[in-house]
Amino acid sequence: LAKTTQPISMDSYEGQEVNITCSHNNIATNDYITWYQQFPSQGPRFIIQGYKTKVTNEVASLFIPADRKSSTLSLPRVSLSDTAVYYCLVGGYKYIFGTGTRLKVLA
Amino acid sequence: DTGVSQDPRHKITKRGQNVTFRCDPISEHNRLYWYRQTLGQGPEFLTYFQNEAQLEKSRLLSDRFSAERPKGSFSTLEIQRTEQGDSAMYLCASSPVGGGEQFFGPGTRLTVL
């Protein structure tokens, strides 16, 4: 199973765009890239999933280069409520979570 | 509420006692997963079911742990002879058989004294 590497933490200010990059050098052909958000004492919540190129939904965009060895989650105009841990996952049915990126949004 | 539910939300027990947790997945989801999460770490995969069949178990799941999904709907996770190291959040998730997004429940926080 592919292992992912993300920054341990990031700080941002309200209204800014935040980009979190994840490395997954050993991603397999069939693997999808999925991002989750987790608040303290809650289960992870799905943000976005993609296989290649760019995916956008109402809350985020996911950029995946052609070699798929990395991906970037983009959160437009973050607010204080976006302070959370963000996990990048690759794989099929079985998710391997790393330690995630702790995003802190400052006023 | 049509999301994944878990019961209880919190459990405090003494070392050596047995505990059982329940997970009710989203009704049309065939796959059900259990994860364990300790403080400061991401969730760790424990096991997963497709309908009533337990298809994979992590090596993290010692002999004291057992999970069932008898009718392919709700699932239970039992821990026998609890140890302090079992203190963690136990998360359940479900997904359709085709894969894709896993929907997580709120978790059961276990504290072993």
Practice item. Could you grab the relative contact order for chain B? Cα pairs under 8 Å, six or more apart, rounded to a whole percent. Key: 37 percent
Exercise for review: Provide a whole-number value for the mean count of partner chain Cβ atoms within 10 Å of the Cβ atoms in peptide A:85-97.
Suggested key: 4
Study note, to complete from the structure: One would report the antiparallel percent of DSSP beta bridges in chain B, rounded to the nearest 5, as 90 percent
Review point. Over chain A, what is the mean sequence separation of C-alpha contacts under 8 Å (at least six apart), divided by residue count, expressed as relative contact order in percent?
Key: 37 percent
Exercise for review: Give me the Kirkwood hydrodynamic radius of chain B, using the inverse of the mean 1/r over all pairs of distinct Cα atoms, in Å to one decimal.
Suggested key: 13.9 Å
Revision key, fill the gap. The extension gain from A:LYS3 to A:LEU80, computed as 0.36 nm times the residue separation minus the Cα-Cα distance, is 24.8 nm
Check your understanding: Can you run phi through the Karplus equation (6.51, -1.76, 1.60; θ = phi - 60°) for segment B:57-73 and list ³J(HN,Hα) in whole Hz, with x for Gly and Pro?
Key -> 10, 6, 5, 5, 7, 6, 5, 7, 9, 9, 10, 9, 9, x, 10, x, 10
Check your understanding: Rg and Dmax of the protein assembly as shown, using alpha carbons, in Å: what are they?
Key -> 17.7, 52
Review point. Which value, in debye to the nearest 20, describes the size of the charge dipole of the protein assembly as shown about its Cα centre when Lys and Arg Cβ atoms bear +1, Asp and Glu Cβ atoms bear -1, and nothing else is charged?
Key: 460 debye
Check your understanding: Which percent of Cα-Cα pairs in chain A sits in each 5 Å bin, short to long?
Key -> 3, 13, 25, 26, 19, 9, 4, 1, 0
Review point. Mind checking which lysines have their C-alpha under 26 Å from A:LYS54, skipping anything on the same chain fewer than 8 residues away?
Key: A:LYS3, A:LYS69, A:LYS94, A:LYS104
Practice item. Calculate the spin-label point distance for B:GLU52 paired with A:THR99, positioning each point 7 Å from the Cα along the beta-carbon direction, and give it in nanometres. Key: 4.3 nm
Practice item. Go through A:SER23, B:PHE103, B:SER5 and say which Cα lies farthest out towards the positive end of the charge dipole of the protein assembly as shown; charges sit on Cβ, +1 for Lys and Arg, -1 for Asp and Glu. Key: A:SER23
Check your understanding: For the pair B:ARG59 and A:ASP11, what calculated FRET efficiency results from E = 1/(1 + (r/R0)^6), where r is the Cβ-Cβ distance and R0 = 41 Å, to the nearest 0.05?
Key -> 0.65
Check your understanding: Summing +1 for each Lys or Arg and -1 for each Asp or Glu, what net charge is found among the other residues whose Cβ lies under 12 Å from the Cβ of B:GLN17?
Key -> +2
Point to revise | Loop trypsin sites (Lys or Arg not before Pro), segment A:11-85 (other Cβ atoms within 10 Å of the site Cβ: 15 or fewer; DSSP) | key: A:LYS52, A:LYS69, A:ARG77
Check your understanding: Spin-label point model (7 Å from Cα, Cβ direction): what's the A:THR29 to B:LYS71 distance in nm?
Key -> 4.3 nm
Review point. So which GluC sites (Glu not before Pro) in segment B:17-96 pass both tests, a DSSP loop state and at most 12 other Cβ atoms within 10 Å of the Cβ?
Key: B:GLU28, B:GLU83
Revision key, fill the gap. If each part is reduced to its alpha-carbon centroid, segment A:44-67 and segment B:1-50 end up apart, in Å, by 27 Å
Exercise for review: Tell me which residues come under 5 Å, amide H to amide H, from B:THR47 once H is placed; ignore anything under 5 positions away on its chain.
Suggested key: B:TRP34, B:SER58
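Coordinate-derived values only; no laboratory data. Since we're looking at a predicted model, the values are computed, not measured. Positions of Cβ are backbone-derived with ideal geometry, glycine not excepted, and every protein chain shown enters the neighbour counts.
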